[in-house]
Amino acid sequence: MDPVFIVGTERSGSNLLRSILDAHPNISIPHPPHIMLELAHLEPRYGDLSLDRNFRRLINDAVRTVELHFAPWGIQIDRELVFKEAVARNLYCIKRAIYEQYMRAKGKPRWGCKSTFMIHHTEVVRKYHKTPKFIHLVRDGRDVAVSARDSVFNNFHPHYVSQLWTHQQQIALKLSKELPADLFMTVRYEELTSDPEGQVRRICDFIKEDYAPQMLNYSSRSDSAALAGMSKSWENLAKPIMANNTKKYRTRLTSDQIFAVERNAYPELLHFGYTLENDLAELQRSASAGLDWKRRVRYYLSEKASMVATAVRSLFSDKNAYLRLKKRFFAWRVAATL
């Protein structure tokens, strides 16, 4: 069967949903090394991919992206097999062949991808699969902003987090209108955590798989515990679903930060059923006027300070921080040498 893609915005519960689906006996979804995010913008620089040397170089760099992933897959990717099994000479088909190797190593008949950034690559996915399943996972953008502040993998200030959240929700809304209902569905994080069995059954119906009770026991699996121990960003994977893990922004964000998110995202927040804390007319006026220079400077400085502080903290607290640094250096070197 064709693969399953979890799309949307990071820090929306995608690791939770990945773990739930990966616990299904028919589906393998590894933690994502974000192959397309890292390399898609560089793909044209590899030159004519009909030439073996160029295609092999792209394969090597894609596989190296997996090998340097912060959360190791625990298998060795065969580059020559990727070369033979890629159904077309492009980066997505390389990614597909890599994921199919992982799927076979896990002894399952179907693979999935948790890279939420694949929301930007749905066209190429649909080109090479007849019925790919896109699960759009949406979470209150204000709670996403709270979660992002503690993660080394994201923007930090709510202003920048909400800009990305808004952009990706707009893409999701467009896709929900363009794609058939059997290819695209939206799941609200708040509903997944408050009614996990009901929502997981709904997801299973969508992806045409039987519901398996062990899906909700993901936290007892050894791989969930291992991932939870690698980074503070994933510590909740070792815990059962937390039904009350919502509206954290009310105590964790300042009034100015809440306003910053709602100013950027109020149309999308309202569309997905989230209640605003600020007056709609005031948000509309502020959005029309734009940010004054003082706020721009304050947000920028806060973003950079948080980035440095979180990066330093992660060096001491995250188990595989050295791999993240090696991967960042590798990505820089690839871009510099192409």
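By the scheme Lys and Arg +1, Asp and Glu -1, what is the net charge of all other residues having a beta-carbon under 9 Å from that of Thr246?
Taking every other residue near Thr246 into account, the sum is 0.
Could you calculate the contour length gain from Arg201 to Arg45, that is, 0.36 nm times the residue separation minus the distance between their Cα atoms, to one decimal place in nm?
51.8 nm
What list of whole percents do you get for P(r) of the range 187-330, with Cα-Cα distances grouped in 5 Å bins up to the one holding the largest distance?
So the P(r) values, bin by bin, are 2, 7, 11, 13, 14, 15, 15, 13, 7, 3, 0.
Under a 5 Å amide H to amide H cut-off, with H placed in plane at 1.01 Å, what residues pair with Thr186 once short-range neighbours are removed?
So Thr186 has HN proximity to His136.
As I understand it, the value is the acute angle between the Cα axis of helix 91-105 and the longest principal axis of the Cα atoms of the chain; what does it come to in degrees, rounded to 10?
Approximately 70 degrees, to the nearest ten.
On a C-alpha basis, how far is the centre of the range 270-338 from the centre of the range 103-173 in Å? Whole number, if you could?
16
Could you please report the charge total around Leu291, scoring K, R as +1 and D, E as -1 over all other residues with beta-carbon less than 10 angstrom from its beta-carbon?
Charge balance in the 10 Å sphere: +4.
Which residue fluctuates the most in the chain, going by a Gaussian network model with Cα springs under 10 Å, if the choices are Asp22, Asp205, Asp279?
So, out of Asp22, Asp205, Asp279, the one fluctuating most is Asp279.
Once R0 is set to 25 Å, what does the formula 1/(1 + (r/R0)^6) return for the Cβ-Cβ distance between Arg313 and Gln76, expressed as a FRET efficiency to the nearest 0.05?
Rounded to the nearest 0.05, the efficiency is 0.20.
Using the Cβ atoms and a cut-off under 11 Å, what net charge is assigned to the surroundings of Pro109, where Lys and Arg are +1 and Asp and Glu are -1?
+2
Pull out a ≥ b ≥ c, the square roots of the eigenvalues of the alpha-carbon gyration tensor of the range 119-266, then state rounded if a/c is under 1.5, prolate if not and a/b is larger than b/c, and oblate in the remaining case.
Because a/c hits 1.5 or more and a/b fails to exceed b/c, the range 119-266 counts as oblate.
Rounded to a whole number, what is D in µm²/s for the range 249-338 from Stokes-Einstein with the Kirkwood radius over alpha-carbon pairs (4 °C, 1.567 mPa s)?
79
With unit charges on the beta carbons (Lys and Arg positive, Asp and Glu negative) and the dipole taken about the Cα centre of the range 156-213, which residue among Ile203, His159, Pro213 sits farthest to the positive side?
His159
Compute the orientation-averaged projected area for the range 1-95 from the convex hull of its Cα atoms and round it to one decimal in nm².
6.9
If I take every Cα pair under 8 Å that is 6 or more residues apart in the range 241-315, average their sequence separation and divide by the length, what percent do I get for the relative contact order?
This gives 21 percent for the range 241-315.
Restricting to Cα pairs below 8 Å that are 6+ residues apart, what does the relative contact order work out to for the chain? Please round to a whole percent.
Across the chain, relative contact order equals 24 percent.
Run the helix sum for the chain: -39,500 (n - 2.57) per DSSP H stretch of 4+ residues, divided by residue count, reported at 222 nm to the nearest 500 deg cm²/dmol.
So the helix-based figure for the chain works out to -17000 deg cm²/dmol.
Any chance you could tell me what percent of the C-alpha pair distances in the range 4-161 go past 22 Å?
Of the Cα pairs, 43 percent sit more than 22 Å apart.
For an R0 of 35 angstrom, estimate the FRET efficiency from the Cβ-Cβ distance between Arg285 and Arg250 and round to the nearest 0.05.
0.90
Given contacts defined as C-alpha pairs under 8 Å and at least six residues apart, what's the relative contact order of the range 181-338, whole-number percent?
Relative contact order of the range 181-338: 17 percent.
Give the order of Ser147, Ser317, Ser224 when sorted by the count of other beta carbons within 10 angstrom, beginning with the fewest.
Ser317, Ser147, Ser224
Counting pairs of Cα atoms in the chain, how many percent are more than 31 Å apart?
The calculated P(r) of the chain puts 34 percent of pairs beyond 31 Å.
Bear in mind these aren't lab numbers, they're just calculated from the coordinates by the rules spelled out. Quantities reported herein were computed from a predicted structural model and do not represent experimental measurements. A quick note on method: Cβ atoms are made from the backbone with ideal geometry, for glycine too, and the neighbour counts reach across all protein chains shown.
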